[in-house]
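The values are calculated or read from the model by the stated rules, or taken from the named source; none is laboratory data. Predicted, not measured: the structure shown is a model, and the values here were computed from it. Note that we place each Cβ from the backbone using ideal geometry, even for glycine, and neighbour counts take in every protein chain shown. These area figures cover heavy atoms from the full protein model, side chains too; ligands, DNA and RNA do not enter into them. Shrake-Rupley method; radii C 1.70, N 1.55, O 1.52, S 1.80 Å.
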Amino acid sequence: MMPSFVDILEYIGTFAFAISGIRLASRKDFDIFGAYVVGIATAIGGGTIRDLLLDTTPFWLMKSCYLVWSAIALFFVIIFKKHLIRLNNTFFIFDTIGLALFTVVGIEKTMMMETHYPFWVAIIMGAITGAAGGVIRDILINEIPLIFRKEIYALACVIGGLFYYIGLQIFDNLIIVQIISAASVFLTRLIAVAFHVGLPHIKNLEHDIKS
Amino acid sequence: MMPSFVDILEYIGTFAFAISGIRLASRKDFDIFGAYVVGIATAIGGGTIRDLLLDTTPFWLMKSCYLVWSAIALFFVIIFKKHLIRLNNTFFIFDTIGLALFTVVGIEKTMMMETHYPFWVAIIMGAITGAAGGVIRDILINEIPLIFRKEIYALACVIGGLFYYIGLQIFDNLIIVQIISAASVFLTRLIAVAFHVGLPHIKNLEHDIKS
Amino acid sequence: MMPSFVDILEYIGTFAFAISGIRLASRKDFDIFGAYVVGIATAIGGGTIRDLLLDTTPFWLMKSCYLVWSAIALFFVIIFKKHLIRLNNTFFIFDTIGLALFTVVGIEKTMMMETHYPFWVAIIMGAITGAAGGVIRDILINEIPLIFRKEIYALACVIGGLFYYIGLQIFDNLIIVQIISAASVFLTRLIAVAFHVGLPHIKNLEHDIKS
C-alpha cells in the first residue's frame, strides 16, 4: 500500500521531531536508548496529550511506523553525528513542516470526534499536537521549555488554527483549507526565525515574589 | 445568565492561579504567550489530571471561561506589573480561596461519577485538583515544586477532604459541608503561612545514594 | 483473604519504588508530605501512565494498598534514615524485583484489554509500567532522568517483553512464561549493575545546536 502525500509529510515531521529530541538528549549525555525515548516523546508527545484529552486511543498505538521513524532518526544521528550541523537548515525546514502538518492533523482529529467541540477547542488541540512534544522533550532533558522563550512557535499553531477557521468559511474544498492553514503555520514560523521575531517578554517584574 | 456565587469563587481561583503561573514564568524570561500557557496550566492543570484519572472530559473543554480568565490575568500582570508586589497579600488570599474551592470541586466531582469510588479517592482528587496545578507550573519553569518544601499546602487539601467526610456524617445540608471543608482548607493554609508552619523534613539522610 | 505470591511481590516492588522516591526527595529537602507524594508517584506513576494510555481505570483507584505501602515506606525511611545506606544492596534487589514484576504486570494488563493490541504495544506498556515511575520521580525532583544515563534500566523491561513473547511461542503454561520474562528483566538489570554495563552514548555531537 503506497503511503499518501500526507502520510509522507507526517513521516517527515516525525523524523524531524525525533531528530531534535535525540540531538538534545545526546548533548545531555543520555545513552542511546534514553535518546531514543526522548526522540519518541518529542515526536508523539503532542498527539498523545491531545488524544488523552479527547479520550480517544493514542494514535501511535495503532501504527508502529512512528516508533520506526524515530528509530531511523536515531540511526541517522548516530551515523551522521559529525555532519549534522551542516544540515541544520534542512532540519529546520523538516521541523517546520512537521509543526504545520501536526497542527492541521490535530485540528481535524478534534473536529471528527463524536463529541462536538467548539472550534476554539480544535485550535488548542492543533497547538498541543504541534508544540507539546517540544515541551515534553525539554522537561525530560531538564531545561526550561525553549518554545516559550524564543522565536514564535506555539503561537504559529494558533495562527494556523485561525486560518483554518477562516478558510472553512470561505472555501468548500477541505484540501484548500488544509493547505492555507499549514502554510500559515509554516510561513509564520519561517518569518519568525528568519527575522528573529519573538513575542514581547514581561519585563521589570518584581524580583522577590514568594509564590 | 448570572454566574452563581460558586462560579464567582471559581473565577477568582482561576484568576489567582493563573496570576501565579504568569508571574513565575515571566521571572524565568518566558515570552507573553509562554507565560499565558504556564498561567493556564497552573489554573487548569490540577482539574485536568483529575478528569483524566476519572476518565471524564476535561472540564475546561466545555467552557471557554477558564482560558478567558487566564487571559485577563495575563493582561492584568502586563498592565500592573510594577505594582504587583503591593498586592501580594491580596493574591495570597485569592490563591487560598482558589485552593479551598478547587478542593471542594474535586471532591464533589469524584463523588458524582458513575463509578462509585471510596471516599479516600475523593480526598485525593480534591488534593490533586487544588495542588497539582502548582506542581505542573513548577515543572514547566524548571524549578523544584515549591509546595513540597515550604508551608503546608497540599496537606491543607487533604485536611479539607477529611473535614468534608466528617461533615457528611453530621450534617444533612450539603452546603454546610462544603463551607466546613473549604473553610478548613483556607484556615489551615492561612495559619500555616501566617506562622510559617511547615511539615518536618527528613534530615540527616545519607548523601551518597546511588538511586 | 490471604495475598497471593504475586501480590506480595507487587507490595515489595511498591515499597522499594516508594523508598527510592522518598529518599531522593528528602535529599532535595522536600518535607515529609512532599516526599510521600514523590514516593507514591514513583511507585504508581508507570502503571498510571499505562492505564491512561490504555483508557482503563488507574489501578490504584481500586485498591488503597499502594498508598498504604508508600506510607509504610515513608515511616521506614523516617525511622531508619541513618541506617539506610547499609541496606542499599537490599533496596537494589527489591527495586529490581519491582521492575521485573511491574514489567510482567504491564504486559499482561495490555494483553487482557478488550481492544486487541499487537504485542509490541504490550512490550512498550511493560516498559512504561516498570520504568516511567522513575522518570516521573526525577522530573518532580528536578533532575535529569537517571535511568536514561546509567546502567541498563528501561531496556531491561523491553528485553523482558521480548522474552515474554518468545516464551509464549514455546510454552503452554503462562506461569512459566511469566517467570522467564521476569527473570530476564531481573538478570539483565543485575548483570548491568554488577558489571557497570551501560549503553553507548552518542558522543562527539556538535555543541551549538539551536534546537
Those residues of the stretch C:140-154 which are open to solvent by less than 40 Å² (accessible area, probe 1.4 Å) and either without any contact (Cβ under 8 Å) to a residue 24 or more places away in the chain or farther than 18 Å from C:P58 by Cβ (or both) amount to C:I141, C:N142, C:I144, C:P145, C:I147, C:F148, C:E151, C:I152, C:Y153, C:A154
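What number of residues within the stretch B:51-110 satisfy the criterion of being among the polar types (S, T, N, Q) and in contact (Cβ under 8 Å) with a residue 12 or more places away in the chain? Give the steps one after another, and end with the answer.
First pass over the stretch B:51-110, keeping only residues among the polar types (S, T, N, Q): B:56-57, B:64, B:70, B:88-90, B:96, B:103, B:110.
Now drop any that are not in contact (Cβ under 8 Å) with a residue 12 or more places away in the chain, which leaves B:56, B:70, B:96, B:103, B:110.
Within the stretch B:51-110, residues that are among the polar types (S, T, N, Q) and in contact (Cβ under 8 Å) with a residue 12 or more places away in the chain number 5.
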Scanning the stretch B:49-95 residue by residue, the ones that are open to solvent by 50 Å² or more (accessible area, probe 1.4 Å), of a type in the set (A, V, I, L, M) and at the interface with another protein chain (Cβ under 8 Å from one of its Cβ atoms) total 2
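Residues are listed down the side, and each one gets a yes or a no for (1) of a type in the set (A, V, I, L, M); (2) within 13 Å of the chain's Cα centre (by Cα):
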residue	(1), (2)
B:K82	no, no
B:I85	yes, no
B:N88	no, no
B:D95	no, yes
B:L101	yes, yes
B:V104	yes, yes
B:K109	no, no
B:E114	no, no
B:F119	no, no
### Query
Does the stretch C:105-113 contain any residue that is within 13 Å of another protein chain (Cβ to nearest Cβ) and over 19 Å from C:L24 (Cβ atoms)?
yes
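Condition check ((1) within 14 Å of chain A (Cβ to nearest Cβ); (2) touching a Ser or Thr at 6+ places or on another chain (Cβ under 7 Å); (3) over 19 Å from C:A127 (Cα atoms)) across all residues:
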| site | (1), (2), (3) |
| --- | --- |
| C:Y164 | no, yes, no |
| C:G167 | no, yes, no |
| C:I176 | no, no, yes |
| C:I191 | no, no, no |
| C:H196 | yes, no, yes |
| C:L199 | yes, no, no |
A:W120: passes all of (1) in contact (Cβ under 8 Å) with a residue 12 or more places away in the chain; (2) assigned to a helix (DSSP H, G or I); (3) more than 11 Å from chain C (Cβ to nearest Cβ) but (1)
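Does C:G134 satisfy being small (G, A, S) and touching a residue at least 60 places away in the same chain (Cβ under 8 Å)? If you could, list the steps in order and put the result at the bottom.
On the way: small (G, A, S): yes; touching a residue at least 60 places away in the same chain (Cβ under 8 Å): yes.
Yes.
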Would you confirm whether or not the stretch B:104-120 contains a residue that is more than 30 Å from A:R149 (Cβ to Cβ) and among the polar types (S, T, N, Q)?
yes
The number of residues in the stretch A:161-206 that are open to solvent by 60 Å² or more (accessible area, probe 1.4 Å), without any contact (Cβ under 8 Å) to a residue 12 or more places away in the chain and within 20 Å of A:K150 (Cβ to Cβ) is 6
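Consider C:D31 carefully, then state whether it is open to solvent by less than 10 Å² (accessible area, probe 1.4 Å), over 12 Å from the mean Cα position of the chain (by Cα) and without any contact (Cβ under 8 Å) to a residue 12 or more places away in the chain.
Numbers: open to solvent by less than 10 Å² (accessible area, probe 1.4 Å): yes; over 12 Å from the mean Cα position of the chain (by Cα): yes; without any contact (Cβ under 8 Å) to a residue 12 or more places away in the chain: yes.
Considered against the rule, which asks whether it is open to solvent by less than 10 Å² (accessible area, probe 1.4 Å), over 12 Å from the mean Cα position of the chain (by Cα) and without any contact (Cβ under 8 Å) to a residue 12 or more places away in the chain, C:D31 comes out as yes.
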Going through the stretch A:26-48 in order, the residues found to be within 7 Å of chain C (Cβ to nearest Cβ) and assigned to a helix (DSSP H, G or I) are A:S26, A:R27, A:I32, A:F33, A:G34, A:A35, A:V37
